[in-house]
Structures are given as C-alpha cells and as structure tokens.
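Chemist: Supplied in structure tokens, the structure appears directly below.
The values are calculated or read from the model by the stated rules, or taken from the named source; none is laboratory data. None of the values given here were measured: they were computed from a predicted structure. Using ideal geometry, Cβ is built from the backbone for each residue, glycine included, and neighbour counts are taken over all protein chains shown. Accessible surface is based on the protein model in full, side chains and every heavy atom, while ligands, DNA and RNA are left aside. Shrake-Rupley method; radii C 1.70, N 1.55, O 1.52, S 1.80 Å.
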Amino acid sequence: MNKGLLRYFGKTVARMLLLLVAVSMISFFLVNNAPMNAVDAFLGEAKVTDEQRALIEERWGLNKPPLERYLIWGNNVLHGDMGESLYYHQPVSKVLKEKFLSSIVLMGTAWILSGLIGFVLGVLSGVYRGTWIDRIIKTFSLVLASTPVFWIGLLMLVVFAVELQWFPLGLAAPIGKSVNDVTLSERIHHLVLPALTLSITGIANIILHTRQKLIDVMESDYVLFAKARGENLKQLVTRHGLRNIALPAITLQFAYFSELFGGSVLAENVFSYPGLGSSAVLAGLHADAPLLLGIALFSALFVFVGNLTANIIYGIIDPQIREGGGING
Amino acid sequence: MEKEILLEVRHLSIGFESYNAKVEKVIFNAISDLSLTVHKGEIVAIVGSSGSGKSLLAHAVMNILPDNARTGGTMFYKGELLTPERMNRLRGHEIAFIPQSVAFLDPLMQVGEQVVGTLGEKARALQQKAFEHFGLKQSVAKLYPFQLSGGMARRVLLSTSYVAETEMIIADEPTPGLDLKIAIEALKDFRLLADQGKGVILITHDIDLALHVADKIAIFYDGRVVETADTQTFRGDGQGLKHPYSRALFHALPQNGFNLQRCPKCGATCATWNVDEKGMRCGCGNS
C-alpha cells in the first residue's frame with residue numbers, strides 16, 4: 001500500500017512536470033507567432049527610429065532565436081524568476097499572486113454555489129423524474145446550458161445593476177476608495193453578480209449529470225432489492241441514492257475547475273473584475289508575453305491540482321479504491 | 001387436510017412498452033397467462049431455461065418491475081387481493097425476496113449494514129445469527145460487496161431473508177456458486193420454513209435440485225407455465241407428466257441417460273422444437 005502510494009505520487013509529479021513543459025512550449029510557440037509585437041505594444045503611439053527599436057529588442061533579448069529565448073525563459077522559471085510583466089511593470093509572480101487572490105474569492109464562491117445548487121436541484125429532479133418539478137428544473141438547465149456566460153453577465157448587469165440598481169456595475173470595490181478602507185460588505189456587494197454569473201455556467205452541467213446519475217442508481221438492481229425489502233422512497237434516496245452519486249458528483253465538481261477558469265475570463269471582463277481572467281486578456285492585448293506565459297502555466301497547474309484533488313478524495317472515500325489495494329492512477 | 005392457499009397468481013401477464021423505429025408504441029410480451037398457486041407449507045419450484053422470464057415473475061410479485069412494464073391478471077395473498085399498495089407494505093416483512101446476484105447489493109455499503117437494512121437493532125442480532133448459520137465470519141459484515149466471493153455474496157443474500165419474520169420467501173436462483181454443503185444447508189432451511197407452514201417459491205434452472213426439495217414443480221417455458229406437477233410425478237419414465245416438454249426435460253437429465261428425442265423427419269433434437277400449450281413439434285413441419 002505504502003509503496004503503491006509512493007509510486008502514485010512519483011507518477012503524478014512526473015505527469016505534472018510533463019504537462020507544464022508541454023503547456024509552456026505550446027504557449028511560447030503561440031505567443032511567439034502571434035501578430036502582436038511586444039515592442040509595438042510597449043511604444044504605443046510613440047515614434048522611434050529603427051536604431052532605437054533595435055536597441056529595445058536587444059535589451060529585451062528579442063533578437064535571439066526563439067528556441068534560445070525559450071530556454072533562457074525556462075531556465076529562469078526553474079530558478080523561480082518568471083520575468084517582469086510588461087504591462088504592470090511588476091514581477092510576474094507578484095502579479096499572479098495578487099490577481100489570483102482576487103480571483104479565487106470569485107471562483108471559490110461560484111464553485112461552491114454551483115456545486116450546492118446544482119447538486120440539490122439535480123437530486124430533486126432525479127427523484128421526482130417525470131413530474132412538473134423535474135420538467136421545470138430540466139428546462140431551466142437546458143436554457144442555462146445553451147446560454148453563453150458573457151451574455152448572462154450582461155443580462156445580470158442590465159437587470160440588477162442598471163434597472164434595479166441593487167448591485168454595482170463592476171469592479172471589486174467602490175471607485176475612489178483606498179484598498180484599506182474597503183469593507184467586507186462592500187466586497188461581497190461587488191462579488192454577488194460576477195459570482196452568480198460564473199456559477200450559472202456550471203450549474204446546468206451539474207444538475208443534468210446529477211439527475212441522470214441518480215436515475216441510473218434508482219433503476220439499479222440494488223435499489224430494486226432495497227425496495228423489495230420494504231425501503232420507502234426517502235430511505236432509498238438517502239441510503240443508496242446519495243451514497244452512490246457522491247463520487248461522480250465530486251469528480252464533476254473538480255473537473256469543473258477548468259471551465260471555471262475559462263468562465264472567469266469572460267465574467268471578469270464583463271464585470272471589470274480585476275482578477276486573473278481579466279489580466280489574461282490584458283496581457284494578450286498588450287503582447288505581455290511573460291505574464292501570458294505565467295498565466296498559462298498557472299492555469300494548467302490549477303486545473304491539474306483540481307483533478308488531483310478529486311483523485312485523492314476518491315481514494316479516501318471510495319471503498320473500492322481504498323480497500324481494493326491502493327490508488328491506481 | 002386441505003392446505004391453505006398462501007399465494008395465488010391468476011393469469012399474470014407482463015409486457016414491456018417501448019417505441020420502435022417509427023416511434024410507435026410496441027408491447028413486448030414477456031409473460032402471458034401465467035397461473036401459479038403456493039400453499040402454506042409448500043415449496044414450489046419454478047424450473048425453466050435462462051431467459052424464460054422466471055425472474056420477472058418474482059419481480060412482478062414483489063412489485064419491483066420497471067416503470068415501462070405493463071401487467072395483467074390478479075394476485076391473491078392469504079385470500080385477499082394483493083394490490084401493489086398492499087405488496088409495498090408486506091415486502092421486506094412478510095414476504096422476502098432473495099435476488100440472484102451480487103449486483104443486488106449496494107456496492108458502497110458494508111454488507112452487514114445491508115442485511116440489517118431498515119429493520120433496526122433487533123435485526124442486527126439476527127444478522128449475526130444468520131452469518132453464523134451460513135458459515136460467514138462476523139468480520140464479513142464490515143466488507144463491501146466487491147470484496148466478497150460469489151459464494152459469500154450468495155450467503156449474504158440468503159441472510160437478508162433471515163432478519164425478517166417472513167411468511168413467504170421468493171428465492172431467485174439461490175444456489176449457484178455455493179459449495180454443496182452450504183447449498184444443501186440453504187435448501188434445508190427452505191424445507192424447514194415450509195414445514196413451519198410458510199411458503200417458498202424457488203426459482204431455478206436446475207431441475208435436479210428442484211426435485212430434491214420441492215413439493216411441486218412448475219415447468220416454465222417462454223413466459224408460460226406449461227405444467228405444474230407434484231414432485232412424485234417425476235419418477236420412473238416420467239409417464240405421469242402431461243406435457244411433452246416436461247417429459248423431454250425429465251428424460252434429458254443425466255440419471256435418465258441424457259435422452260433427447262429426435263425429429264423422425266429431419267433429425268433435429270427436441271431442444272430446438274417449438275413448444276406451445278398442447279405439445280411440442282419440430283420446426284420442419286413433422287409432428
């Protein structure tokens with residue numbers, strides 16, 4: 001068991017490194033071949049001579065061949081230096097940390113909201129399959145599933161920020177206040193709309209999966225047998241239904257990390273919420289290669305950790321893995 | 001002394017509704033016009049080949065058929081009409097069902113817990129007794145279904161009928177996978193229950209086994225009972241049996257020399273012949 005666990009972790013770390021190398025190579029190649037030019041973006045409207053331009057390129061190392069630049073960058077990253085963001089004029093690691101802290105609140109809230117609401121509605125819909133409750137929930141999920149995030153975001157803004165004026169139009173805190181003066185309630189007030197918007201993208205998926213899984217379980221032989229032994233609907237759902245859909249629900253919830261990240265790019269932009277997602281767009285628009293690469297690496301790591309967490313939780317709570325001779329990758 | 005009727009199934013039919021390629025409703029009939037009577041103190045064996053709908057009969061009595069099943073006919077239990085609602089109250093208490101495979105155990109619940117079910121603390125002591133009776137260590141109670149061997153799973157399933165005070169047991173293929181000693185033990189249990197005035201329906205494809213314990217044997221073919229006969233009828237050359245299919249089945253037993261009648265015209269064995277209420281004949285047209 002211990003040896004198996006060790007091997008599992010060894011394999012996981014190796015896979016993570018491979019993933020990061022692959023992601024960094026592909027991102028580097030894409031950024032390198034993008035029509036954006038860092039020098040142009042840096043200069044903006046400013047007019048410079050060709051010599052001055054060449055000077056900047058040399059100082060930034062842009063005159064070296066791409067492979068050499070990649071190796072220099074890779075070597076620096078290995079030594080903990082992710083370079084300096086061209087847009088923020090700050091070390092990339094510092095920008096990442098700041099933006100992630102602000103994003104994690106948004107993503108975390110959306111993650112928990114969508115998980116809870118999705119699971120509860122999915123179970124309701126599965127238990128009362130074919131009734132009006134099921135039909136309402138199903139229609140709701142299908143509508144949500146076919147609606148783009150940014151559009152929902154705009155709709156939310158129109159209804160709740162512009163018409164009803166319940167929530168602010170954007171940003172993470174009131175304009176013109178210093179960071180230290182912002183209260184918690186103000187932060188939450190600013191968080192509600194983006195978090196709701198972001199969570200809505202995942203809810204439909206979670207509802208429909210939970211519903212289907214519960215229906216499968218309720219039609220299984222073991223539920224039939226439990227029924228034949230006199231268990232009522234409530235006992236069937238709580239004793240067998242929830243137990244057997246818990247694991248797939250966890251997988252789904254953690255697999256949703258990647259969608260969450262993608263969704264946050266859109267949601268943060270619609271609500272001008274200063275997080276990783278909006279930084280990714282800014283970095284792209286301003287040819288901020290170091291930051292862009294940093295975000296790409298970080299998001300890959302984030303999604304990987306999500307899946308890894310799901311695997312570990314599986315190993316802890318699924319008896320078939322826990323007592324069946326170690327975790328298998 | 002005329003024995004009291006425990007369960008009576010009259011003209012049961014089971015069909016499954018589905019939609020064909022043209023989205024028309026079609027009904028596939030799995031069981032048609034099945035009648036069966038179980039008296040108190042009796043073991044009735046239902047013998048038939050795999051896929052002949054034996055399990056469906058059990059599921060129909062227990063009212064656990066899938067939603068798209070359509071049933072016809074009536075059932076009586078202790079002289080009163082057995083409605084689905086009444087069945088829902090009786091099952092798990094008065095009427096116990098022993099399913100046929102480990103798939104009927106919740107894969108994520110410890111088996112001891114499953115045997116106890118929702119019957120409370122009183123059942124826990126009975127569960128321990130049942131495990132002891134069937135030669136299962138008490139530590140087995142803490143195992144999950146995937147950790148059981150086929151025989152252990154079967155014994156766990158048998159234990160589930162032990163924890164309730166049952167009047168009737170419907171056992172669906174309870175013996176395959178058991179070693180001989182335990183199998184005989186399980187069958188003795190059924191005999192014991194029957195001798196206490198309870199009723200047992202034993203569903204099996206093993207006519208030999210049925211002959212050993214059952215009082216009556218219902219020969220099942222393609223969703224119908226072609227003949228119900230006392231076990232004594234299956235003696236000698238089987239001439240007491242009315243239906244040719246029952247006779248053919250009896251003659252095919254090892255102790256009767258694996259005898260298979262052949263069609264005089266084309267030579268096909270009777271295992272491939274068509275069977276209906278009256279008799280059986282070869283598909284080539286010769287009777």
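Chemist: When the stretch B:43-64 is examined, which residues are found to be more than 17 Å from B:GLU227 (Cα to Cα) and open to solvent by less than 30 Å² (accessible area, probe 1.4 Å)?
Modeler: If the condition is that a residue be more than 17 Å from B:GLU227 (Cα to Cα) and open to solvent by less than 30 Å² (accessible area, probe 1.4 Å), then B:ALA58, B:HIS59, B:ALA60, B:VAL61, B:MET62, B:ILE64 are the ones that fit.
Chemist: Can you tell me how many residues in the stretch A:82-94 are in contact with a strand residue (DSSP E or B) (Cβ under 9 Å, 6 or more places away or on another chain), open to solvent by less than 80 Å² (accessible area, probe 1.4 Å) and touching a residue at least 12 places away in the same chain (Cβ under 8 Å)?
Modeler: Of all residues in the stretch A:82-94, those in contact with a strand residue (DSSP E or B) (Cβ under 9 Å, 6 or more places away or on another chain) come to A:82-85, A:90-92.
Those left that are additionally open to solvent by less than 80 Å² (accessible area, probe 1.4 Å): A:82-83, A:85, A:90-92.
Checking which are touching a residue at least 12 places away in the same chain (Cβ under 8 Å) leaves us with A:82-83, A:85, A:92.
Residues flagged as in contact with a strand residue (DSSP E or B) (Cβ under 9 Å, 6 or more places away or on another chain), open to solvent by less than 80 Å² (accessible area, probe 1.4 Å) and touching a residue at least 12 places away in the same chain (Cβ under 8 Å) within the stretch A:82-94 amount to 4.
Chemist: Taking the stretch A:211-245 as the search range and keeping residues that are within 8 Å of another protein chain (Cβ to nearest Cβ) and among the acidic types (Asp, Glu), which one is least open to solvent (accessible area, probe 1.4 Å)?
Modeler: Top of the filtered list is A:GLU231.
Chemist: Out of (1) without any contact (Cβ under 8 Å) to a residue 12 or more places away in the chain; (2) in a helix (DSSP H, G or I); (3) among the aliphatic types (A, V, I, L, M), what's the single condition that is false for A:LEU113?
Modeler: Single failed check for A:LEU113: (1).
Chemist: Collect the residues in the stretch B:66-114 that are farther than 22 Å from B:LEU143 by Cβ, at the interface with another protein chain (Cβ under 9 Å from one of its Cβ atoms) and surrounded by fewer than 21 Cβ atoms within 10 Å (Cβ to Cβ), keeping them in residue-number order.
Modeler: The answer is B:PRO66, B:ASP67, B:ASN88, B:ARG89, B:LEU90, B:HIS93.
Chemist: Say we look at the stretch A:180-210 and pick out the residues that are among the hydroxyl-bearing types (Ser, Thr, Tyr) and assigned to a helix (DSSP H, G or I); which of these is farthest from the other protein chains (Cβ to nearest Cβ)?
Modeler: Residue satisfying both the conditions and the ranking: A:SER185.
Chemist: Inside the stretch A:31-83, counting only helices (runs of 4 or more DSSP H) that do not spill past its ends, which hold 1 or more residues that are of a type in the set (Lys, Arg)?
Modeler: Hits in the stretch A:31-83: A:50-60, A:66-78.
Chemist: Applying the selection to the stretch A:19-74, what residues are surrounded by 11 or more Cβ atoms within 10 Å (Cβ to Cβ), within 17 Å of A:ASP288 (Cβ to Cβ) and basic (Lys, Arg)?
Modeler: Matches in the stretch A:19-74: A:ARG69 only.
Chemist: Taking the stated definitions as given, is A:LEU106 open to solvent by 70 Å² or more (accessible area, probe 1.4 Å), assigned to a helix (DSSP H, G or I) and not acidic (Asp, Glu)?
Modeler: No.
Chemist: Taking only pairs six or more apart or across chains, which ones have beta-carbon atoms under 9 Å, a first residue in the stretch A:1-26 that is not in a helix (DSSP H, G or I), and a second residue that is not hydroxyl-bearing (Ser, Thr, Tyr)?
Modeler: Cβ pairs passing all conditions: A:MET1/A:GLY325; A:MET1/A:GLY326.
Chemist: Sticking with this structure for a sec: Take the conditions in contact with a helix residue (DSSP H, G or I) (Cβ under 9 Å, 6 or more places away or on another chain), hydroxyl-bearing (Ser, Thr, Tyr) and at pLDDT below 85 and apply them to A:SER85. Does it pass?
Modeler: yes
Chemist: Out of all the residues in the stretch A:172-192, is one or more within 30 Å of B:LEU108 (Cα to Cα) and touching a residue at least 60 places away in the same chain (Cβ under 8 Å)?
Modeler: Checking the stretch A:172-192: not a single residue is within 30 Å of B:LEU108 (Cα to Cα) and touching a residue at least 60 places away in the same chain (Cβ under 8 Å).
Chemist: Can you name the condition, by its number, that A:PRO248 falls short on among (1) touching a Lys or Arg at 6+ places or on another chain (Cβ under 6 Å); (2) within 13 Å of another protein chain (Cβ to nearest Cβ); (3) open to solvent by less than 30 Å² (accessible area, probe 1.4 Å)?
Modeler: (3)
Chemist: Can you name every residue in the stretch B:128-144 that is closer than 21 Å to A:ARG322 by Cα and within 25 Å of the chain's Cα centre (by Cα)?
Modeler: None - no residue of the stretch B:128-144 is closer than 21 Å to A:ARG322 by Cα and within 25 Å of the chain's Cα centre (by Cα), so the list stays empty.
Chemist: Any residue at all in the stretch B:17-30 that is closer than 24 Å to B:GLY79 by Cβ and open to solvent by 60 Å² or more (accessible area, probe 1.4 Å)?
Modeler: Looking through the stretch B:17-30, none of the residues is closer than 24 Å to B:GLY79 by Cβ and open to solvent by 60 Å² or more (accessible area, probe 1.4 Å).
Chemist: If you don't mind, another one. So which of B:VAL23, B:VAL9, B:VAL47 is in contact with an Asp or Glu (Cβ under 8 Å, 6 or more places away or on another chain) and β-branched (Val, Ile, Thr)? So that I can check it myself, show each step before the final result.
Modeler: Details: B:VAL23 fails: in contact with an Asp or Glu (Cβ under 8 Å, 6 or more places away or on another chain); B:VAL9 fails: in contact with an Asp or Glu (Cβ under 8 Å, 6 or more places away or on another chain).
Within the list B:VAL23, B:VAL9, B:VAL47, the selection yields B:VAL47.
Chemist: How many of the residues making up the stretch A:27-41 are touching a residue at least 60 places away in the same chain (Cβ under 8 Å), farther than 16 Å from A:TYR70 by Cα and not charged (D, E, K, R)?
Modeler: Final tally of qualifying residues: 3.
Chemist: Among the helices (runs of 4 or more DSSP H) confined wholly to the stretch A:221-288, which include 1 or more residues that are closer than 20 Å to B:GLN110 by Cβ and among the β-branched types (Val, Ile, Thr)?
Modeler: Qualifying helices (runs of 4 or more DSSP H): A:221-228, A:242-255.
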